[in-house]
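Novice: I'd like to ask you about the structure that follows.
The values are calculated or read from the model by the stated rules, or taken from the named source; none is laboratory data. All of these numbers come straight from a predicted model, not from anything done at the bench. Please note: Cβ atoms are built from the backbone with ideal geometry, for glycine as well, and neighbour counts cover all protein chains shown.
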Amino acid sequence: MSAPATFDPVLAEVIGHELAAVSEEMAVVTWRTGRSPMLKSGDFATAVCDAGGQILVRGFAATFQLAVFSDLIVHLSDKYGASIRPGDAFLSNESSHSSTHLPDVVVAMPVFWEGELCAFCAAYSHHSDIGGRFPGGSSSEPTSSFEEGVVIPAVKVVDRGTVNREMLDLIAANVRASDEWVADLQSKLAGCRRGCAGTTALMERFGAPAVRAAGEHLLRRSEAVARAALQAVPDGSYRAEISVRDDSIRSPDEILLRLSLTVSGDELSADLSGCSAQVEGALNMPALMTRAAVYGAVKSVLAPYEMANSGFFAPLHVHAPPGSIVNPGQHAAVGGRAAVFFWTYDLVLKALAQALPGRVGVPGEATDMMHYAGPDRSGAPGAVVDIYCGGWGGRPDRDGIDGVAPLWYEVFGTIPVELIERQYPIVVDGFGFVPDSGGPGRHRGSVGVFRQWRFLDEGEVMIRNVRLKEEPGFAQGRPGALPRTTLRCAGELIDLPLRSTLQQKVHPGDVLLHATAGAGGHGPAFERPVELVLRDLKSGLVSPAAALADYGVALGSAGEVDHQHTQALRKSGRP
């Protein structure tokens, strides 16, 4: 492909916005034609990449989700080379090069112009099942990938326009909720076809050299933004670590995650040497998701509103030692890697908070979830993921936001209750905030969020917890409450153990309640303005007892503030 004679920056901007629109159209098609509640809630991503796998533009995607696309396209080029043809489509969920765990299934389609491979359009989404020993493929308990489900090693699912029906039959025979699985796959294929058509139309209109030049311009611009943002961070090395025990895996030892974040000029290096070795359980995190955690965290702090593409990631370098929990070997179980991902993100925030005091908020609650496998409303095999978010930690200048996805999720939402109840024998009896669960501080952390499900049929349930131990807030802020799960079965209320994933059989009439963790606070709690404590009291987020114990705000018999008592309490520093 020949380069244009001159570079036209205005034309490059026009084409760049057109490419972004193509990727957004891919997202709209994927979302509107998708079937599973998980896809409908936003756990999917679309992007347009160049022929070498560099991400040019994203559609509906969180920054961390983009990591899967480049690795897959490079692998496709190595594996298939010149045998990639117009009308082909490739399918993969292999964690070594294209996925963060088996339920995340990626589709990629090549774009050709005048016989030359010019670009790829790609889409991925989380499927509600992938076969294997445990429904959903996200349990922490398997000890190898062979237990986790169907491994799809970058295969050609469409050959020059002809769908490989036998392959789809083979996959469908090995997954729960097979009709939904195939429907979600078809939605990604439809999204990629829309992307290929849109990209081809741009080359017809502007010429392939101009489109290529525009893509290179987008990469250069995003890299320049990232480097400028890094130059505003003081040079130095910033360290953070976390140790957690998880009874859902076989190891009796605590898991140690250790990060050294070094900023030098306009480059950033994240060194995860010193992390625990890979474990005999599914908490291991593939290297591409380790990179994704660093990319997403850094961007959410330094340049949250800028375009995310491969150019932005160029000055970010991640070292994850082979054989560690953040870069496990082949056939390691990785289905439950979400907890380690969230903890790694927390480490980056803690390190950046040292470098940029006053700019970084306390890590939020992340996302817990309930996975149900059993018959759907029609009696056919079904599976559904119910994901919902607690909110943000306290920020240097204001409270965390209650009941929203973390900043770095960018595109995720809570699955609507009506969508679950319409398709599955589940009634959501409760959904709301958990009082007194937000981390106390001058700026309060978000409170936890609970869901309560009543089951109308037999099934198997998995609960995912992210917070397994209290994590302090920033600047003397205090931790939020830990998550909790209860099961009411045959009139008995049972407190279930706190693990990263918890498997539980349910029967008609059983009621399960899960409350997410609260997020940590920022700053000393006794410095919180009294009027904000009163606001939280009126909203039901803080009880009178917590106002007294956590914030040193005393109330009179009529609920009014006892200013004299409050002043004395805050001066003494204790309730």
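Novice: Tell me the residue from Val334, Val384, Val348, Val326 that is surrounded by 24 or more Cβ atoms within 10 Å (Cβ to Cβ), among the hydrophobic types (A, V, I, L, M, F, W, C), touching a strand residue (DSSP E or B) at 6+ places or on another chain (Cβ under 7 Å) and within 27 Å of Phe134 (Cα to Cα), please. Reasoning before the result, please.
Specialist: Numbers: Val334 fails: touching a strand residue (DSSP E or B) at 6+ places or on another chain (Cβ under 7 Å); Val348 fails: within 27 Å of Phe134 (Cα to Cα); Val326 fails: touching a strand residue (DSSP E or B) at 6+ places or on another chain (Cβ under 7 Å).
From the options Val334, Val384, Val348, Val326, the qualifying one is Val384.
Novice: Which numbered condition trips up Ala373, out of (1) farther than 19 Å from Trp181 by Cα; (2) assigned to a strand (DSSP E or B)?
Specialist: That leaves (1) as the condition not met.
Novice: For the condition within 22 Å of Val318 (Cβ to Cβ), within 18 Å of the chain's Cα centre (by Cα), assigned by TED's automatic domain parsing to the domain that holds Phe455 and not basic (Lys, Arg), what is the one hit in Ala338, Ala366? Walk me through how you get there before you give the answer.
Specialist: Details: Ala338 fails: assigned by TED's automatic domain parsing to the domain that holds Phe455.
Of Ala338, Ala366, the one residue that is within 22 Å of Val318 (Cβ to Cβ), within 18 Å of the chain's Cα centre (by Cα), assigned by TED's automatic domain parsing to the domain that holds Phe455 and not basic (Lys, Arg) is Ala366.
Novice: Could you please let me know if Ile420 is under 17 Å from Phe450 (Cβ atoms), modelled with pLDDT under 90 and of a type in the set (A, V, I, L, M)? Explain how you work it out, then say what you get.
Specialist: Values: under 17 Å from Phe450 (Cβ atoms): yes; modelled with pLDDT under 90: no; of a type in the set (A, V, I, L, M): yes.
Criteria not met by Ile420.
Novice: Quick check: anything in the stretch 117-125 among the polar types (S, T, N, Q), touching a Pro at 6+ places or on another chain (Cβ under 7 Å) and crowded, with 24+ Cβ neighbours inside 10 Å? Outline the logic, then answer.
Specialist: Initial filter on the stretch 117-125 (among the polar types (S, T, N, Q)): 125.
Now restrict to residues that are touching a Pro at 6+ places or on another chain (Cβ under 7 Å): none.
Scanning the stretch 117-125 turns up no residue that is among the polar types (S, T, N, Q), touching a Pro at 6+ places or on another chain (Cβ under 7 Å) and crowded, with 24+ Cβ neighbours inside 10 Å.
Novice: I'm told Phe455 meets every condition in (1) crowded, with 19+ Cβ neighbours inside 10 Å; (2) modelled with pLDDT of 95 or more; (3) over 23 Å from Ser139 (Cβ atoms) except one. Can you identify the failing condition by its number?
Specialist: Every listed condition holds for Phe455 apart from (3).
Novice: Check Ser96 against each of (1) surrounded by fewer than 24 Cβ atoms within 10 Å (Cβ to Cβ); (2) within 19 Å of the chain's Cα centre (by Cα); (3) under 16 Å from Leu218 (Cβ atoms) and name the one condition it does not meet.
Specialist: Evaluating Ser96 over (1) surrounded by fewer than 24 Cβ atoms within 10 Å (Cβ to Cβ); (2) within 19 Å of the chain's Cα centre (by Cα); (3) under 16 Å from Leu218 (Cβ atoms) leaves (3) as the failure.
Novice: Further question: Does Gly509 satisfy being in contact with a Cys (Cβ under 9 Å, 6 or more places away or on another chain) and outside any strand (DSSP E or B)? I'd like the intermediate steps shown before the answer.
Specialist: Values: in contact with a Cys (Cβ under 9 Å, 6 or more places away or on another chain): yes; outside any strand (DSSP E or B): yes.
Here the answer is yes, as Gly509 does meet what is asked.
Novice: Applying the selection to the stretch 326-354, what residues are closer than 18 Å to Gly136 by Cβ and small (Gly, Ala, Ser)?
Specialist: Across the stretch 326-354, the qualifying residues are Ala333, Gly335, Gly336, Ala338, Ala339.
Novice: Go through the stretch 519-555 and count every residue that is within 16 Å of Ala481 (Cα to Cα), touching an Asp or Glu at 6+ places or on another chain (Cβ under 7 Å) and either free of Cβ contacts under 8 Å to residues at least 60 places away in the same chain or surrounded by fewer than 18 Cβ atoms within 10 Å (Cβ to Cβ) (or both).
Specialist: Residues flagged as within 16 Å of Ala481 (Cα to Cα), touching an Asp or Glu at 6+ places or on another chain (Cβ under 7 Å) and either free of Cβ contacts under 8 Å to residues at least 60 places away in the same chain or surrounded by fewer than 18 Cβ atoms within 10 Å (Cβ to Cβ) (or both) within the stretch 519-555 amount to 1.
Novice: Just name the residue that is modelled with the lowest pLDDT out of those in the stretch 21-64 that are over 17 Å from Thr200 (Cβ atoms) and of a type in the set (S, T, N, Q).
Specialist: Checked the stretch 21-64; the qualifying residue modelled with the lowest pLDDT is Thr63.
Novice: From the set of residues in the stretch 152-201 that are small (Gly, Ala, Ser) and over 20 Å from Pro110 (Cα atoms), which is surrounded by the fewest Cβ atoms within 10 Å (Cβ to Cβ)? Let's see the steps before the verdict.
Specialist: As a first pass, look at the stretch 152-201 and keep what is small (Gly, Ala, Ser): 154, 161, 172-173, 177-178, 183, 187, 190-191, 195, 197-198, 201.
Still in the running and over 20 Å from Pro110 (Cα atoms): 172-173, 177-178, 183.
Working: Ala172: 15, Ala173: 10, Ala177: 24, Ser178: 19, Ala183: 15.
It comes out as Ala173.
Novice: How many residues does the stretch 360-373 hold that are crowded, with 24+ Cβ neighbours inside 10 Å and either farther than 23 Å from Ala293 by Cα or of a type in the set (Gly, Ala, Ser) (or both)?
Specialist: Total meeting the criteria: 5.
Novice: Could we say that Ile420 is surrounded by 15 or more Cβ atoms within 10 Å (Cβ to Cβ), in contact with a Pro (Cβ under 7 Å, 6 or more places away or on another chain), farther than 25 Å from Val340 by Cβ and of a type in the set (A, V, I, L, M) here? Steps first, please.
Specialist: Details: surrounded by 15 or more Cβ atoms within 10 Å (Cβ to Cβ): yes; in contact with a Pro (Cβ under 7 Å, 6 or more places away or on another chain): yes; farther than 25 Å from Val340 by Cβ: yes; of a type in the set (A, V, I, L, M): yes.
So Ile420 passes the test.
Novice: I'd like the full set of residues that are of a type in the set (S, T, N, Q), over 22 Å from the mean Cα position of the chain (by Cα) and outside any loop (DSSP other than H, G, I, E, B), limited to the stretch 228-268. Outline the logic, then answer.
Specialist: Here is the first cut: in the stretch 228-268, the residues of a type in the set (S, T, N, Q) are 231, 237, 243, 248, 251, 260, 262, 264.
Adding the requirement that they be over 22 Å from the mean Cα position of the chain (by Cα) leaves 231, 237, 251, 260, 262, 264.
Listed by number, the residues that qualify are Gln231, Ser237, Ser260, Thr262, Ser264.
Novice: On to the next question. Quick one: how many residues across the stretch 376-408 are among the acidic types (Asp, Glu) and assigned to a loop (DSSP other than H, G, I, E, B)? If you could, list the steps in order and put the result at the bottom.
Specialist: Going through the stretch 376-408, the residues among the acidic types (Asp, Glu) turn out to be 376, 386, 397, 399, 402.
Add one more test, that the residue is assigned to a loop (DSSP other than H, G, I, E, B), and what stays is 376, 397, 399.
Looking only at that region, the number is 3.
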